[in-house]
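Peer 1: First, the structure itself, so that you have it in front of you.
Each reported figure results from applying straightforward, stated rules to the coordinates on display, with no laboratory input. All values reported here derive from a predicted model rather than from experimental measurement. Don't worry about glycine lacking a Cβ; one is built from the backbone with ideal geometry, like all the others, and counts go over all protein chains shown.
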Amino acid sequence: MLIRYRKFPRGMVVALLAMGVMIPIVQAGDNRSKPAQPAQVNAKFQQECSSCHIAYSPGLLPAKSWLKIMTGLDKHFGSYASLTDQENKEITAFLVNNASNRWSGPSAPLRITETTWFKRKHDYHEISPKVWKNPKVKNPANCTACHQQAERGDFNEHNVKIPK
Amino acid sequence: MFRKFNVSILTLVAAAGLISHSAFAQTPEVTLSSIRSDATKASSSFQGFSAARGENFFKTKHGNEWSCASCHTENPVTPGKHAKTGKVIRPFAPSANVERFTDPGKVAKWFKRNCNDVLDRVCTPQEKGDVLTYLLTVKK
């Protein structure tokens with residue numbers, strides 16, 4: 001009896017472990033890079049992309065997304081965010097060269113908040129709807145409200161501090 | 001000894017301040033005079049800039065959702081906040097932020113961007129000059 005009881009969970013454990021490995025593989029279709037940002041950050045990117053919002057790390061989106069964003073700066077989420085051709089070229093190269101290397105799916109969203117990985121990490125199991133209503137958070141594009149080191153590309157969940 | 005230390009630190013800070021200041025391309029007043037020369041070229045009836053007109057322009061909406069003050073606040077010596085993202089914007093008035101209107105490239109870039117957002121067009125030299133004249137009158 002005791003032996004049989006011991007044997008049963010072993011099978012379960014194997015199954016559970018397998019599922020644990022499988023789930024990330026299944027969901028890895030569109031995933032951000034780790035780290036999200038290279039150690040050496042382009043100065044133009046830092047300067048130009050952090051005027052109105054934080055300079056979102058290139059590894060948060062695939063190259064295709066960055067190309068779409070950088071060719072549509074005249075209507076950048078409702079704002080006119082023009083750059084000179086030279087600046088655009090330099091920043092686009094930096095973004096594309098450091099875009100997510102874990103993106104195998106065909107999707108190329110314009111918003112980081114529309115990516116599968118973002119939604120999974122921030123769904124209602126993880127983050128209470130109350131958090132989004134906090135004026136200190138204001139909107140999901142405001143990474144630094146909780147990820148204080150977001151500007152440096154640090155989204156490690158151990159460093160998350162959700163404001164009260 | 002502490003006093004000596006403080007003095008040398010102060011000297012260093014002052015020197016650094018001078019160096020970084022001289023790195024600015026021009027003063028806001030020089031920026032204003034270059035806008036004035038644009039305004040003279042643009043219109044033969046140009047009669048100078050007005051702080052009152054600039055203030056009114058700055059605080060009024062021009063057909064779109066935002067005025068200049070939506071992000072730069074009604075009191076431009078205080079820090080502003082991007083109306084959409086909430087990102088803090090350093091004070092707009094040169095009296096509260098010495099870097100303002102000192103880099104011609106930045107001045108041109110931001111007038112182009114922000115006038116487009118606020119008015120759906122570029123600003124005239126008259127409008128730019130009025131706003132800068134107003135901003136130069138706002139003291140901390």
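Peer 1: What does the charge add up to near A:Ser104, with Lys and Arg as +1, Asp and Glu as -1, over the other residues with Cβ less than 13 Å from its Cβ?
Peer 2: Values: positive: A:Arg32, A:Lys64, A:Arg102; negative: A:Asp30.
Value of the local net charge: +2.
Peer 1: While we're looking at this one, here's another question. Taking amide H atoms as placed 1.01 Å from N in the peptide plane, list the residues 5 or more away in sequence, or in a different chain, whose amide H sits under 5 Å from that of B:Ser50.
Peer 2: Excluding prolines and chain starts, which carry no amide H, the hits are B:Asp130.
Peer 1: Tell me, what is the Rg over Rh of segment A:32-159, with Rh the Kirkwood radius over Cα pairs? Show your work: numbers first, answer last.
Peer 2: Details: Rg = 14.6 Å, Rh = 15.3 Å.
Result: Rg/Rh = 0.95.
Peer 1: Mind putting a number on the dipole of segment B:93-140 about its Cα centre? Charges go on the C-beta only, +1 for Lys and Arg and -1 for Asp and Glu, and I need it in Debye to the nearest 20. Before the final figure, lay out each step's value.
Peer 2: Values: 9 positive and 6 negative charges, 27 e Å.
Approximately 120 debye in magnitude.
Peer 1: Also, quick follow-up: Using amide H atoms built in the peptide plane, which far-off residues or other-chain residues are under 5 Å from B:Cys123 H to H?
Peer 2: none
Peer 1: If you don't mind, there's one more thing I want to ask. Per-residue HN-Hα couplings for segment A:100-107, Karplus 6.51 cos²θ - 1.76 cosθ + 1.60 at θ = phi - 60°, whole Hz, x for Gly and Pro?
Peer 2: 4, 9, 10, 10, 9, x, x, 5
Peer 1: Which pairs in the list A:Lys133/B:Lys140; A:Lys136/B:Lys112; B:Lys41/B:Lys112; A:Lys133/B:Lys109 are over 27 Å apart, alpha-carbon to alpha-carbon?
Peer 2: Values: A:Lys133/B:Lys140 34 Å; A:Lys136/B:Lys112 30 Å; B:Lys41/B:Lys112 19 Å; A:Lys133/B:Lys109 34 Å.
As for pairs spanning more than 27 Å Cα to Cα, those are A:Lys133/B:Lys140; A:Lys136/B:Lys112; A:Lys133/B:Lys109.
Peer 1: Same structure, new question: Please work out the Cα center distance from segment A:124-164 to segment B:28-46, rounded to the nearest Å.
Peer 2: Between the Cα centre of segment A:124-164 and that of segment B:28-46, the gap is 46 Å.
Peer 1: For B:Ile89, list long-range residues whose amide hydrogen, built 1.01 Å from N in the peptide plane, is under 5 Å from its own amide hydrogen.
Peer 2: Distant-sequence amide H within range of B:Ile89: B:Gly80, B:Lys81, B:His82.
Peer 1: So if I place +1 on the C-beta of Lys and Arg and -1 on the C-beta of Asp and Glu, and nothing else carries charge, what would the dipole magnitude of segment B:25-137 be about its Cα centre? I want it in debye, nearest 20. Walk me through the intermediate numbers first.
Peer 2: Numbers: 16 positive and 11 negative charges, 57 e Å.
Rounded to the nearest 20 debye, it is 280 debye.
Peer 1: Kirkwood Rh, Cα Rg: Rg to Rh for segment B:25-137? Before the final figure, lay out the partial values.
Peer 2: Values: Rg = 13.3 Å, Rh = 14.2 Å.
My calculation of the ratio gives 0.94.
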